[in-house]
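> This structure is in structure tokens; I'll ask about it shortly.
Laboratory data are not the source of any read-out in this text; all were calculated from the coordinates shown. Since this is a predicted model, take the numbers as computed values, not measurements. Please note: Cβ atoms are built from the backbone with ideal geometry, for glycine as well, and neighbour counts cover all protein chains shown.
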Amino acid sequence: MVKLSLLSSSTHLLSFCRKLTVQTLTRRSLCSSSTTTMSIYLQSHAFAGNPLIPKTPKSSDPFSPTQAYETLKTQLLDNTHLPSSLSFKVLPFRKGRPLASSTGGTSDSTPNWHLGWISLSECKGLLANSGVELSGESLVYLGSRSEDDVVYWAIDVSGESSLVPELGSKQLCFVELRTLMVATDWADARAMGELAIAGHARALLEWHNISLFCGHCGGKTVSKEAGRRKQCSNELCRKRVYPRVDPVVIMLVIDRENDRVLLSRQSRFVPRMWSCLAGFIEPGESLEEAVRRETWEETGIEVGEVVYHSSQPWPVGPNSMPCQLMVGFYAYAKSLELNVDKEELEDAEWHSREDVKKALAYAEYRKAQQTAASKVEQMCKGVEKGQNFSADFNVESGELAPMFIPGPFAIAHHLISSWVYQDAGDSVAARLKQPSGSTSNL
């Protein structure tokens with residue numbers, strides 16, 4: 001079982017110049033009890049910790065989806081712009097890309113990206129300029145912040161290409177969510193929160209795009225509850241459809257006896273990147289069973305004990321799967337001889353703790369984040385330049401690092417780095433000796 005406990009003090013990371021909370025993770029296995037220190041100082045995984053959805057207001061609350069939607073429709077119909085107790089902000093998306101802006105970039109500082117929120121009246125005006133009338137059905141409820149009387153919505157404007165130059169004149173542009181993910185400063189709570197909002201919004205909008213028709217009778221579906229669900233319009237069917245989530249197990253397979261882990265490569269990976277095994281859950285299968293089956297199918301390794309680590313929403317997969325849920329585990333190997341399925345993996349190898357620790361130390365995750373942030377700034381200025389992010393994972397001498405693992409935005413990083421540093425102890429000094437990209441609090 002996994003238990004999380006909060007240390008009584010917080011540390012000041014010199015590289016981040018921010019106070020971050022330190023947590024430890026205690027794991028009790030069937031055979032033994034040990035304490036494992038998490039090694040990435042994050043309040044939550046990337047795409048988790050959405051500040052707009054900690055809880056859904058009751059239906060009578062003006063901030064609830066139903067009540068907010070009624071107020072929204074009234075404001076859309078009202079051309080007199082009478083004052084309202086609620087204000088609305090809208091986040092446009094184009095082909096799965098959220099609208100974004102960038103500020104603060106200087107020769108001495110890295111720019112910061114922000115979501116490109118616009119007011120309801122601005123959204124209405126922009127669409128009107130394209131000959132489109134804004135309707136409530138095209139907006140999807142994201143949540144609210146009652147402290148500032150704002151309700152947040154998302155809209156897909158993929159069909160309105162004329163909006164791109166108009167928004168570009170305001171230094172706003174549509175940016176791939178993966179690019180924003182890499183560009184996010186993982187020590188910045190605001191940026192992490194905005195990334196989670198964007199991920200949630202993209203997942204909902206893409207789900208709407210792939211659920212236009214009822215899977216039962218083929219009838220057209222209509223939006224309900226401010227876009228939080230859909231329903232078949234066929235009166236003889238009226239089947240309810242809810243947002244899709246695809247669960248995926250991701251596991252770090254551990255060879256206890258030889259103090260090493262099993263890492264794999266897929267053909268789609270950037271050069272020299274190694275990561276954890278992963279796979280979708282089959283119907284009727286438990287999470288633990290999926291871990292054992294996927295490991296055996298892809299590598300021929302038999303797994304015994306399976307221990308839960310953490311989970312992460314992953315809304316940057318293919319459009320056909322708008323939101324995957326990555327469920328992370330440690331899996332302890334019972335056999336060691338590899339038989340890699342070359343149709344699934346390019347390769348899989350055992351790596352020692354020391355080799356993985358070197359990979360963590362060499363990879364310049366902060367440099368990759370700064371490069372991506374600068375790319376977003378250039379895009380918003382209309383001067384986009386191509387960049388190979390794998391080039392940032394080099395040793396200080398400029399030579400290519402022999403291997404690296406995914407950055408702090410991925411659960412794989414947390415699984416791997418927490419195993420690497422599990423014997424580092426609980427002292428703050430030990431944590432501060434870790435690489436700047438390997439710092440956690442999940």
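> After finding the eigenvalues of the alpha carbon gyration tensor for the range 86-241, what semi-axes result from the square roots of 5 times each, listed largest first in whole Å?
On the way: eigenvalues 184, 62, 45 Å².
In descending order, the three semi-axes are 30, 18, 15 Å.
> Gap in Å between the Cα centre of the range 131-207 and the Cα centre of the range 317-357?
Going from one Cα centre to the other spans 32 Å.
> Once the principal axes of the Cα atoms of the range 260-323 are found, what is the range along each, listed largest first in whole angstroms?
Principal axes ranked by extent give 32, 30, 21 Å for the Cα atoms.
> While we're looking at this one, here's another question. Quick one: grab Rg to one decimal and Dmax as a whole number for the range 249-357, Cα atoms only, in Å.
13.7, 42
> Can I ask one more? Along the range 131-139, what does the Karplus equation 6.51 cos²θ - 1.76 cosθ + 1.60 (θ = phi - 60°) give for ³J(HN,Hα), rounded to whole Hz, x for Gly and Pro?
Result, ordered by residue: x, 10, 8, 6, 10, x, 5, 8, 9 Hz.
> With a 10 Å radius around each residue's Cβ, average the other Cβ atoms per peptide and rank 198-208, 67-77, 355-365, highest first. Don't skip to the end; give the middle numbers.
Details: 198-208: 23.9, 67-77: 16.8, 355-365: 20.4.
Answer by packing, highest mean first, reads 198-208, 355-365, 67-77.
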